[in-house]
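The values are calculated or read from the model by the stated rules, or taken from the named source; none is laboratory data. These figures come from a predicted structure and were not determined experimentally. Here the Cβ is made from the backbone with ideal geometry for all residues, glycine too, and neighbour counts use every protein chain on show. Each accessible area value is taken on the protein alone, full model and side chains, heavy atoms only, with ligands, DNA and RNA left out. Shrake-Rupley method; radii C 1.70, N 1.55, O 1.52, S 1.80 Å.
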Amino acid sequence: MSDLPRPTAVVIGAGISGLLTAAALVEHADVTVVERDVLPAGPAPRRGVPQARHAHLIWSGGVLALRELLPGFVEDLVERGARLVPIMGEMVSRAPNEIWFRRFTATHHRNLVCSRDLLDAALRDRVLADPRLTLRQGTSVLGLVGEAARVNGVRLRTEGQDGEETLAADLVVDASGRGSRAPRWLGELGLPEVAEREVNAGVAYATRLYRAPAATLDIPFPLVNVQANPAKSPGRGGIILPVEDGRWIVTLSGTRGGEPTADPGEFTEFALKLGDPVIGELIRDAEPLGEIVTTRSTANRRRYFEKLRAWPDGFTVTGDAVAGYNPVYGHGITVAAQSALALGALIGAHGLARPGTGRRLQRTVTRPVAAAWELAIGQDVFYPGASDRPPNRAERALAAFVDRAVATGARHPRALGALLDVMSLEKPATRLFSPDMLVPMLFGPRRPFLTEAPLTEEERKSVTG
């Protein structure tokens, strides 16, 4: 055994991205997680995660990453009330082009579904229990220590204490989310401005909890999803997410001019006026639990750190600090898990502090971002006012092809499998050009399009009685 001390790492932020990054790093270094908030003891919301009340899911690509990163975690979460949902077998979904998917059961895709509070609590319990990890709560990072070529630590201020302190580290990872100050910190070290892009469809979200109708608890009641159509303005959508403790999370969304509100008297009426009224019909007689919560922090925003000509060793930015997405696509947690897994693999192969590793790390954690980013802006860029430039010819051609792929997957099981491979971030977009998709696309599936939500008679009766 070596007598050399273990390397040290600082992770900024104890959200999902920060904790998954810490889990990946702790095999290679002693890790300190610095968190501005004081974390709750159990499944409860916290100030730093304002979007936590809304519907969340983890695509199968993220489930695979979680299983590799934290063996047994997914199963433990299921024991605490989460659910692995077969897609599309236990999902009723209307695509943005207003086509209902048939509920084929042949795909392997399983999405992880639970409340964000439960997910966060389970992840804290698992990751923070590691003795190689130290948590600093109520502590803010003021800036980086080092120079343009090398970061050596961070400057901190802890609530209730005077002055600031310096915490040295071989690696600093910024996982502080959309509000990251990394561009400013890099500028203070003499690095150039970081290029950014924003595509903002102007989506507002309103969410309310409901007590699930009692009979729905006796069957695996499906997720019900009506997606907004970017070809129509305003675009409106919604989802019913059955979660633990016999509850439904119901999130409604609308773009500029068609936003849902926090008015309880308007919530069900808004759902009934979606492109299909099925969500409104299902919640019309359900018992609401608590008030409606809203948010407008839904823009797709990407910072291109990996394109800087110079990058300091000892520093990496990951998670929403690199790219945040319109939550309707559900890719943020999946990308965070894949990025953490990639970071851990690279450090395991090349070490933590080798010169030149910083640039390689930044490019590695950014790779999972690209697919999710293109999927999100490929839809949102078509909403009026979403971007400072209109969609170009290539983006329009790609969107038209994706519409054909959706129409094919909605009626053909192999094509659906290819589509889900891409949507789940398991495989790259080139999977859409495989024979599984192109053969049925060219020669046509025999099944007709569905004209209404494919709920079974048993599922409908479990709600209406």
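General observations
Residue by residue, here is whether (1) modelled with pLDDT of 95 or more; (2) part of a strand (DSSP E or B); (3) surrounded by 18 or more Cβ atoms within 10 Å (Cβ to Cβ) holds:
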site	(1), (2), (3)
Leu156	yes, yes, yes
Gln161	no, no, no
Thr166	yes, yes, no
Val173	yes, yes, yes
Gly177	no, no, yes
Ser180	yes, no, yes
Glu193	yes, no, no
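- So Ala370, is it of a type in the set (Gly, Ala, Ser), over 30 Å from Gly238 (Cα atoms) and without any contact (Cβ under 8 Å) to a residue 24 or more places away in the chain: no
- Residue check, Arg197 of a type in the set (D, E, K, R), under 27 Å from Ala399 (Cβ atoms), in contact (Cβ under 8 Å) with a residue 12 or more places away in the chain and not in a loop (DSSP other than H, G, I, E, B): yes
- If only residues of the range 322-343 that are over 11 Å from Thr366 (Cβ atoms) and over 13 Å from the mean Cα position of the chain (by Cα) are counted, the one that is most open to solvent (accessible area, probe 1.4 Å) is Leu341.
- Residue ranges of helices (runs of 4 or more DSSP H) in the range 381-457 with at least 2 members more than 24 Å from Val226 (Cβ to Cβ) and either of a type outside the set (A, V, I, L, M) or in contact with a helix residue (DSSP H, G or I) (Cβ under 8 Å, 6 or more places away or on another chain) (or both): 393-409, 435-443
- Residue in the range 34-68 that is surrounded by the most Cβ atoms within 10 Å (Cβ to Cβ), counting only those that are out of contact with any Ser or Thr (no Cβ under 7 Å at 6 or more places or on another chain) and of a type in the set (Val, Ile, Thr): Val63
- Neighbours by Cβ (under 7 Å, 6+ apart or cross-chain): first from the range 377-406, more than 18 Å from Thr430 (Cβ to Cβ) and open to solvent by less than 50 Å² (accessible area, probe 1.4 Å); second assigned to a helix (DSSP H, G or I) and aromatic (Phe, Trp, Tyr): none
- Looking only at the range 75-92, residues that are under 14 Å from His109 (Cβ atoms) and hydrophobic (A, V, I, L, M, F, W, C) come to 5 in all.
- Number of positions in the range 93-138 that are of a type in the set (A, V, I, L, M), within 30 Å of Ala453 (Cα to Cα), out of contact with any Lys or Arg (no Cβ under 7 Å at 6 or more places or on another chain) and buried (at least 17 other Cβ atoms within 10 Å of the Cβ): 4
- Complete set of residues in the range 295-321 that are within 18 Å of the chain's Cα centre (by Cα) and open to solvent by 40 Å² or more (accessible area, probe 1.4 Å): Arg296, Ser297, Arg301, Asp320
- Enumeration of residues in the range 250-288 that are within 25 Å of the chain's Cα centre (by Cα) and open to solvent by 30 Å² or more (accessible area, probe 1.4 Å): Arg256, Glu259, Thr261, Ala262, Gly275
- Hits in the range 190-233 - residues which are among the hydroxyl-bearing types (Ser, Thr, Tyr) and more than 20 Å from the chain's Cα centre (by Cα): Tyr210, Thr216, Ser233
- Counting the residues of the range 200-234 that are open to solvent by 10 Å² or more (accessible area, probe 1.4 Å), in a loop (DSSP other than H, G, I, E, B) and either of a type in the set (Ser, Thr, Tyr) or touching a Leu at 6+ places or on another chain (Cβ under 9 Å) (or both) gives 3.
- When residues of the range 346-357 are limited to those that are in a helix (DSSP H, G or I) and in contact (Cβ under 8 Å) with a residue 60 or more places away in the chain, the one most open to solvent (accessible area, probe 1.4 Å): Gly348
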